[in-house]
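Let me begin by presenting the structure, written as structure tokens, before commenting on it.
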Amino acid sequence: MKKILSVISIALLCSCAFNVKAPDGRPGKDGENAKPIISQEAIKASMEYLTSDELGGRETGSEGLEKAAVFIEEYLKSNGIKPYFKTYRDSFKVKDLDGYNIVGVVEGNDPKLKNEYVILGGHYDHIGIGKVVEGDSIANGANDDASGTIAAMEFGAYFAKTKTNKRSILITLYDAEEKGLKGSAHLAKRLKNEGINAYTMINFEMIGVPRASTEALAYMSGYERSNFAETLNGYAGEEVVGFFEGAKKMSLFMRSDNFPFFKELNMPAHAISTFDFTNFDYYHHVYDEADKMDYVHMANFMNKMIPALEGMMNAPTKEVVLNDE
């Protein structure tokens, strides 16, 4: 038990530590004109714990999944991200298994706009045990989807620290994605029933490896269903999110945790990914490990997303809209 707590403490300390740069990109001190940036070290610390063999591949209902849930809860708490419900856990059943979404909130700083919510998320479960390769049977799920989970966590920590969001943010980490989007479906329905005023949702799905240099940094599933990508890129001042032809062919929009939010809340809800089925050979494979992740790329992606997210969170009107069918 002491070993577990020690590992978690180290990861949390790294995750709470931002590098700080001035607007021109040079290192600076905390102050009026300096903003924190998400560091490779913070990302790697969380990744190495969430993908450790100790967690056994994070299958729903397992001891390892519970350890991952506790880690995420402690991360949110230590970074000043409050529970959205009475606790961080949104509990549900998958047959006879207990499932837990983890849900935190960063309140917006505008008296009116804080009543509107931007939902950021990723799934923290994985498949547990995979096909044995060279004696290894634990499918640690680094790219799928510890990478997206960490992105949502880091964005939560960033906005909790900077308080640069007029709209409120839900940080949502889903269980049982691998069982058929069960966790996100439960949460989306619960939020609908409770009457949440949700604006948009972004699901970060497999952002641990870079695309080819000739491609956009990331792509968005369901690209044609809204003006989301175009609007985000406008806020970012560059093309962060592009079009991937294979996304429609593989029905990726309906295969990830964004879909239940689109279906239940009738709002722009998309998955953003940098894995395009050509740049990583270990999908649902025991080699999907922390040491296969590109931390320079991950930090670059997250930091480029921040101005895009700030634009969406702070626009005086809802500029991201669904396209007419």
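Residues K248, K318, K263: which one is over 21 Å from I171 (Cα atoms) and not in a strand (DSSP E or B)?
K248
Mind checking whether some residue in the stretch 216-225 is aromatic (F, W, Y) and more than 24 Å from Y287 (Cβ to Cβ)? Please lay out each step first, then the result.
The first filter runs over the stretch 216-225 and keeps only residues aromatic (F, W, Y), leaving 219, 223.
Narrowing the set further to residues that are more than 24 Å from Y287 (Cβ to Cβ) leaves 223.
Yes: the stretch 216-225 contains one or more residues that are aromatic (F, W, Y) and more than 24 Å from Y287 (Cβ to Cβ).
Scanning for something under 22 Å from I43 (Cβ atoms), assigned to a loop (DSSP other than H, G, I, E, B) and either open to solvent by less than 10 Å² (accessible area, probe 1.4 Å) or among the charged types (D, E, K, R) (or both), does the stretch 182-203 turn up at least one residue?
There is no residue in the stretch 182-203 that is under 22 Å from I43 (Cβ atoms), assigned to a loop (DSSP other than H, G, I, E, B) and either open to solvent by less than 10 Å² (accessible area, probe 1.4 Å) or among the charged types (D, E, K, R) (or both).
List pairs: first residue in the stretch 242-254 and aliphatic (A, V, I, L, M), second residue assigned to a loop (DSSP other than H, G, I, E, B) anywhere in the structure, Cβ distance under 7 angstrom, at least six positions apart or on different chains.
Qualifying pairs under 7 Å: A247/S221; L252/S221.
Conditions first: (1) open to solvent by less than 10 Å² (accessible area, probe 1.4 Å); (2) in contact with an Asp or Glu (Cβ under 9 Å, 6 or more places away or on another chain); (3) among the β-branched types (V, I, T). T231 passes all but one, so which condition is the exception?
Going through the list (1) open to solvent by less than 10 Å² (accessible area, probe 1.4 Å); (2) in contact with an Asp or Glu (Cβ under 9 Å, 6 or more places away or on another chain); (3) among the β-branched types (V, I, T), T231 breaks only (1).
Tally the residues that are open to solvent by 20 Å² or more (accessible area, probe 1.4 Å) and either aromatic (F, W, Y) or at negative phi (or both), restricting the search to the stretch 253-274.
Total satisfying the criteria: 7.
Residues in the stretch 118-142 that are farther than 21 Å from L181 by Cα and surrounded by fewer than 21 Cβ atoms within 10 Å (Cβ to Cβ): how many?
The total comes to 7.
Within the stretch 266-302, track down each residue that is over 12 Å from D144 (Cβ atoms) and part of a helix (DSSP H, G or I).
A290, D291, Y295, V296, H297, M298, A299, N300, F301, M302
The values are calculated or read from the model by the stated rules, or taken from the named source; none is laboratory data. None of the values given here were measured: they were computed from a predicted structure. Note that we place each Cβ from the backbone using ideal geometry, even for glycine, and neighbour counts take in every protein chain shown. For the accessible areas, the whole protein counts, side chains as well, though only heavy atoms, and no ligand, DNA or RNA atoms are used. Shrake-Rupley method; radii C 1.70, N 1.55, O 1.52, S 1.80 Å.
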